[in-house]
Amino acid sequence: IKQYLTQRYGDYVLFSPPLKMTTLILWLLPLLLGTAGCLLAVIYFRSRQEVRA
């Protein structure tokens, strides 16, 4: 079944797709979004502390 679905719809239907150039965005996007979220939180909280002081 997995082989059929992969052949028909591609690697993105797998829960854990293989690391290839075509699936690289699937692996990097969560890391990039998490990093961006942490940076935005740090910037937000630092700017709030500067306003209070």
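The values are calculated or read from the model by the stated rules, or taken from the named source; none is laboratory data. No experiment lies behind these values; they were computed from the predicted model shown. As a convention, Cβ positions derive from the backbone with ideal geometry for all residues, glycine included, and neighbour counts pool all protein chains shown.
What number of residues within the range 1-44 are surrounded by 11 or more Cβ atoms within 10 Å (Cβ to Cβ) and among the small types (Gly, Ala, Ser)?
Of the residues in the range 1-44, 1 are surrounded by 11 or more Cβ atoms within 10 Å (Cβ to Cβ) and among the small types (Gly, Ala, Ser).
Would you please list the contacts, defined by Cβ atoms under 6 Å and residues six or more apart or on different chains, that run from a residue in the range 21-32 that is within 15 Å of Asp11 (Cβ to Cβ) to a residue that is of a type outside the set (A, V, I, L, M, F, W, C) and modelled with pLDDT under 90?
If the second residue must be of a type outside the set (A, V, I, L, M, F, W, C) and modelled with pLDDT under 90, the pairs left are Thr23/Asp11; Thr23/Pro17; Leu26/Pro17.
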